[in-house]
Amino acid sequence: MKTSVIIPAFNATLTIGKCLLALSNQSLKPGEVIIVDDGSKDNLKSYLNQIKPQLKINNLIFLKHFHQGVSVARNLGAKKARGEILAFLDSDCVPGEDWLKNLLAPFSDIKVGAVGGGYSAGIDDSFWQRFSCEELFFRRRKRKGEAVTLLSNNMACRKFCFWKAGGFPTRYSVCEDMFLGYQIARHYKVMWLKDNGVKHHFKRSLKDFLRHQYYFGKQSTRFFLENPQILVCNNHQGKQLHIAIGASFFSLVGLMVAFILSIVNQLFLSQIVLILVAGLLAVHFFLYSAFLSYLKKKGLSKLNLFRAYYASYLRDLLAAVSFFDGLALYIKERKL
C-alpha cells in the first residue's frame, strides 16, 4: 500500500529535523512525505533545503499557505497526497524505526479504517518531559485493540475513510482528532496500538504546562458540549480524569465557602464544610495513588513524586475553572 506521511508545521525549525531524520530511517519507507507549512515565519523552507542532503526520503513535498490552523494544513496535505493510506505525524514528534510498519500492519484487515497510538517518551529525561509522557501513558495503559478516538500526531487511515468522515474539522483547535476518529469508527474498525508511541516535545516548565492545559480545557469544553456523544464514548482521554477534575474544583469551592462561613461566625457549618473538603482531597489523592506508585517504580524521587501530584492537582483545578471559559465560548458561538 502506498503511504503518504503528512506533517503540518508552524515555526518548526527547532524540531522538524529530528522528525524527518527518523522518517528517513524507517524500516518501511513511505511513498511520500508531505510537509505543510502553516504560515511559518522561521524560514522553514530554507532550513529544509539545508538538511535535505542528510535525508533518505525520495519524495519530499513542501506546501505552504497562510496561517489557518493545523486541521486546514492536514486537510491540504491529504488533498495533495497520492497514497491510499494517509499517515499523520506532527513536526515535534519523533517516530521509532518501525513506526510506519506497525501502523500499516492492521490494514491487512479490510474492515480497518484507521490505526493510531500514543506517546513512547518525552524528548529527553528531564522531569517535565517524563511526567507529561508518563501521565498520558498511564491513563491509557489498558487501551489496546479496537478504539473509538485517536491522536492526530500518531495515526493513519485509508484515504477514502478520511474523506468519507469529512477530514479534520476546521472549526476545532483541539479534539479535532477525536471527532475524525469517532466518525470513522461509526463505519469501520479503529485500532489503538499501545506499543507504537512516538517521542514528543512536551512543555518544559510548570507555567507552560498549566497554560497549555488551561487552553485545552477551555477548547475541549466547547467541543464536548457540541459533541456529547464523544465525551461519553470510550474515548482515549478516559473517564477518571473528569472525576479528578470535579474533586479538585469542589474542594476549592468548599474552602471558599468554609472561609466565608468562618467570617460570618458560622464556625460549626464551616467545620462541616472543611470535613467535606478533606474528603474530596482524599478522593483526588486516591485517584492518583496508582499513578504515583507507578512513577515510584520508574525511579522518581520523593521530591519529584510530590511535584507530579502537585502539578496534577493544579492541572485539574485549572481544567475545572477553564470549563466556565469554555462554556462562555460555547454560548457565544451558539449566538453567532
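The values are calculated or read from the model by the stated rules, or taken from the named source; none is laboratory data. Bear in mind the structure is a predicted one, so any value in this text is a computation, not a measurement. Because the Cβ atoms are built from the backbone with ideal geometry, glycine has one as well, and the counts that use them run over all protein chains shown.
Remarks
- Tabulated pairs, segment 268-289, first touching a residue at least 24 places away in the same chain (Cβ under 8 Å), second among the hydrophobic types (A, V, I, L, M, F, W, C), C-beta under 6 angstrom, 6+ apart or interchain: Val277/Leu255; Leu280/Ala247; Leu280/Phe250; Val283/Ala247; His284/Ala244; His284/Ala247; Leu287/Ala244
- Note on segment 171-214: residues that are surrounded by 17 or more Cβ atoms within 10 Å (Cβ to Cβ), closer than 27 Å to Ser322 by Cα and out of contact with any helix residue (DSSP H, G or I) (no Cβ under 6 Å at 6 or more places or on another chain) total 8.
- Residue match in segment 79-97 (condition: farther than 20 Å from Ser40 by Cα, assigned by TED's automatic domain parsing to the domain that holds Ala22 and of a type in the set (Phe, Trp, Tyr)): no
- Residues of segment 65-95 that are over 19 Å from Cys175 (Cα atoms), assigned to a strand (DSSP E or B) and out of contact with any Ser or Thr (no Cβ under 8 Å at 6 or more places or on another chain): His65, Val94, Pro95.
A quick yes/no check of all residues on (1) surrounded by 20 or more Cβ atoms within 10 Å (Cβ to Cβ); (2) under 19 Å from the mean Cα position of the chain (by Cα); (3) not in a helix (DSSP H, G or I); (4) not assigned by TED's automatic domain parsing to the domain that holds Ala9:
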residue: Lys101; (1), (2), (3), (4): no, no, no, no
residue: Asp125; (1), (2), (3), (4): no, no, yes, no
residue: Trp128; (1), (2), (3), (4): no, yes, no, no
residue: Phe138; (1), (2), (3), (4): no, yes, no, no
residue: Ala156; (1), (2), (3), (4): yes, yes, yes, no
residue: Pro169; (1), (2), (3), (4): no, yes, yes, no
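- Some residue of segment 273-280 being of a type in the set (A, V, I, L, M, F, W, C), at pLDDT 95 or above, out of contact with any Lys or Arg (no Cβ under 6 Å at 6 or more places or on another chain) and closer than 27 Å to Arg141 by Cβ: yes
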